[in-house]
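Student: Quick one: structure below, then a few questions.
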Amino acid sequence: MSKSTSLSPSVNRNTKEIELTGLVLLALTAVSLIVWGQNYIKNITNEEFSLKLSLVYNLIVYGSFAFTTPLLLRLARRFPLSGTYQHYLFHIGFSLLLMGVHMLCCNLLLFSIDLSSVPILKRFLTKYLTNVVHIHLLTYWAIVLIATYYFKGRTSSAKRDEKPMKRFEIRENGRQFNVEFDNVLWIEALDHYQKVHTQTGYYLISDTMRGLETKLPQEVFGRAHRSYFINKRHVKSIYKKSDGPKGTFVVLADGNELKLGQSYKSRFMLD
């Protein structure tokens, strides 16, 4: 068993999320000011129009999306739109849920500061529900779409710049040696390390799943789950279980059975 130094610096996710969150905040602030200006021009002769309240409303409705952007970025990374159709179904459902929660929170706050004589339910149904729903959905999908291709572009760039691995370099008790790919059965995520399972034991290397994905040769290792890679050369069979823990399982040459993650199934089969 061994712990080696990191094979390469991992991508700083927090920095990228801060960058995108800042860009989203600037964009949404600009949108809120544009809409505010349009409302002002539209109601320039309306004495009941409150310039201050309109500004507060637009900043809250549009600007508050920036606070949910870090969550959306993580979801876009975990369920990219370039993935399987289940990812699209997830985003459809979650966008509707988030829209409802977001509109409810925003409008409860706005209703509390807007002393209008129009009943709250009527205003919500006639104004907010009809005029603002599409804005919420468009904003959600715009953030997820931009994030999906932003991360995809960074990952593709990293893959182009990263030299593919030819073997694992292991450091153990002050000595260094190599483990050839043919001796590796599968690789499992273990906290901040990766557990390299071989035919005679295992070793620990300091790296990330995302880091390995950019360096491991796809013709040898396939991403079969969010937590592990499988060496295709040691796959004995693939079958479906209909009883007990259901799903598709990969049987390795040493007899181990590993479940194929649903979102990685098609990709592993095609690789």
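Student: Only one residue in ALA76, ALA30 is of a type in the set (Gly, Ala, Ser), assigned to a helix (DSSP H, G or I) and surrounded by fewer than 17 Cβ atoms within 10 Å (Cβ to Cβ), so which one is that?
Tutor: After applying the criteria, what remains is ALA30.
Student: Just checking, does region 156-167 include any residue being at pLDDT 70 or above and among the polar types (S, T, N, Q)?
Tutor: Scanning region 156-167, I find no residue that is at pLDDT 70 or above and among the polar types (S, T, N, Q), so the answer is no.
Student: Quick one: which residue in GLY261, GLY247, GLY211, GLY222 is surrounded by 16 or more Cβ atoms within 10 Å (Cβ to Cβ), at pLDDT below 90 and within 22 Å of HIS87 (Cα to Cα)?
Tutor: Unique residue meeting the criteria: GLY261.
Student: Based on this model, can you work out whether LEU53 counts as over 18 Å from HIS136 (Cβ atoms), touching a helix residue (DSSP H, G or I) at 6+ places or on another chain (Cβ under 8 Å) and in contact (Cβ under 8 Å) with a residue 12 or more places away in the chain?
Tutor: Here the answer is yes, as LEU53 does meet what is asked.
Student: Just need a number here: residues in region 222-234 that are under 29 Å from the mean Cα position of the chain (by Cα) and not in a loop (DSSP other than H, G, I, E, B).
Tutor: Here the count works out to 9.
Student: Given the criterion out of contact with any Leu (no Cβ under 9 Å at 6 or more places or on another chain), buried (at least 19 other Cβ atoms within 10 Å of the Cβ), at pLDDT 70 or above and assigned to a helix (DSSP H, G or I), identify the matching residue among HIS91, HIS102, HIS87.
Tutor: Exactly one residue qualifies, and that residue is HIS102.
The values are calculated or read from the model by the stated rules, or taken from the named source; none is laboratory data. Treat the numbers as computed from the prediction; the structure is a model and nothing was measured. So basically every Cβ, Gly included, is an ideal-geometry build from the backbone, and we count neighbours across all protein chains shown.
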